[in-house]
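Everything on this sheet refers to the single structure shown next.
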């Protein structure tokens, strides 16, 4: 309903601060019928918050958690004061940068991150070598990684953008969302990533949004991504 994150909701429920149809419920997995059921937090009725959809250009070195035990900067430090709660749609690790969506519409976020959506995500990746046709083929062919080669990783597409004498930039396309997928795939191919920038999610492009800035998703962009999700 856009009130808080799932982890925060679990804490509130287990603490006995949430009532369902007048009865305190302490089990976060208890089923709820929205909008038929009445939910209260600390005795106050909870209504669905207006939907918010944001696009952020996440800088390198910023983490995508609400708080960090190491005291590192988070994406929430970059949001305007007084904004209702929003959560990141998927993740970019600390060393990665670029397009990050944030919303309080958890159902919409789940559709975007679902493996079933096969929504293309494009990344510009700087390598510590000059990629040849063989490396590009290996990226799209994929390989098994991890202990006992338990997981198979591959890119949907890979192409050379530009290169110098010692490094290059690739555009890598993914249509699934596995943890640190590009970094782990390239590491398995013995290639080091210098920079990794997400430049698009489906039809939503980073464009010229300055680093560390946030803007609202336009109505047209929302329609376009919903159409890509089959909504």
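The values are calculated or read from the model by the stated rules, or taken from the named source; none is laboratory data. Given the structure is predicted, the values throughout are model-derived calculations rather than measurements. Ideal geometry is used to build each Cβ from the backbone, glycine not excepted, and the neighbour counts take in all protein chains shown.
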request  = Would you check if residue 131 is assigned to a strand (DSSP E or B) and over 20 Å from residue 6 (Cβ atoms)?
outcome  = no
remark   = When residue 172 is run through (1) within 23 Å of residue 116 (Cα to Cα); (2) in a strand (DSSP E or B); (3) over 17 Å from the mean Cα position of the chain (by Cα), the failure sits at (3)
note = Those residues of region 13-32 which are surrounded by fewer than 16 Cβ atoms within 10 Å (Cβ to Cβ), under 28 Å from the mean Cα position of the chain (by Cα) and closer than 15 Å to residue 45 by Cα amount to 32
ask   = Assuming residue 90 fulfils every condition listed in (1) touching a helix residue (DSSP H, G or I) at 6+ places or on another chain (Cβ under 7 Å); (2) assigned to a strand (DSSP E or B); (3) not assigned by TED's automatic domain parsing to the domain that holds residue 170 apart from one, which condition is it?
value = (2)
key: Positions within region 4-28 being closer than 19 Å to residue 105 by Cα, modelled with pLDDT of 90 or more and assigned to a loop (DSSP other than H, G, I, E, B), in sequence order   = 28
request  = Report whether or not residue 99 is surrounded by 15 or more Cβ atoms within 10 Å (Cβ to Cβ) and under 12 Å from the mean Cα position of the chain (by Cα).
outcome  = yes
key: Members of region 33-50 that are surrounded by 11 or more Cβ atoms within 10 Å (Cβ to Cβ) and assigned to a strand (DSSP E or B)   = 39, 40, 41
ask   = Does residue 196 count as touching a helix residue (DSSP H, G or I) at 6+ places or on another chain (Cβ under 8 Å) and under 16 Å from residue 100 (Cβ atoms)?
value = yes
request  = Out of the residues in region 98-124 that are in contact (Cβ under 8 Å) with a residue 12 or more places away in the chain and in a loop (DSSP other than H, G, I, E, B), state the one that is farthest from residue 58 (Cα to Cα).
outcome  = 118
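Scan region 51-66 for residues that are part of a loop (DSSP other than H, G, I, E, B) and touching a residue at least 24 places away in the same chain (Cβ under 8 Å) and jot them down.
Here is the first cut: in region 51-66, the residues part of a loop (DSSP other than H, G, I, E, B) are 51-52, 59-62, 64-66.
The answer is 51, 52, 59, 60, 61, 62, 64, 66.
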note = Residue set 69, 80; condition surrounded by fewer than 16 Cβ atoms within 10 Å (Cβ to Cβ), assigned to a loop (DSSP other than H, G, I, E, B) and in contact (Cβ under 8 Å) with a residue 12 or more places away in the chain; output residue 80
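Determine, yes or no, whether residue 186 is touching a helix residue (DSSP H, G or I) at 6+ places or on another chain (Cβ under 6 Å), surrounded by 17 or more Cβ atoms within 10 Å (Cβ to Cβ) and over 29 Å from residue 80 (Cα atoms). Don't jump to the end; show me each part of the working.
Numbers: touching a helix residue (DSSP H, G or I) at 6+ places or on another chain (Cβ under 6 Å): no; surrounded by 17 or more Cβ atoms within 10 Å (Cβ to Cβ): yes; over 29 Å from residue 80 (Cα atoms): yes.
When the stated conditions are applied, residue 186 does not pass them.
Got a number for residues in region 150-179 being out of contact with any strand residue (DSSP E or B) (no Cβ under 8 Å at 6 or more places or on another chain) and loosely packed, with under 15 Cβ neighbours inside 10 Å? Quick ask: steps written out before the conclusion?
Taking region 150-179 as the starting set, the residues that turn out to be out of contact with any strand residue (DSSP E or B) (no Cβ under 8 Å at 6 or more places or on another chain) are 164-166, 176, 179.
When the remaining residues are screened for being loosely packed, with under 15 Cβ neighbours inside 10 Å, the result is 164-166, 179.
Of the residues in region 150-179, 4 are out of contact with any strand residue (DSSP E or B) (no Cβ under 8 Å at 6 or more places or on another chain) and loosely packed, with under 15 Cβ neighbours inside 10 Å.
Given the residues 214, 210, which is the only one that is crowded, with 17+ Cβ neighbours inside 10 Å, in the same structural domain as residue 63 (by TED's automatic domain parsing) and either in contact (Cβ under 8 Å) with a residue 40 or more places away in the chain or touching a strand residue (DSSP E or B) at 6+ places or on another chain (Cβ under 9 Å) (or both)? Give the steps one after another, and end with the answer.
Values: 210 fails: crowded, with 17+ Cβ neighbours inside 10 Å.
Exactly one residue qualifies, and that residue is 214.
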note = Here the residues within region 206-215 that are at pLDDT below 95 and not in a loop (DSSP other than H, G, I, E, B) are none
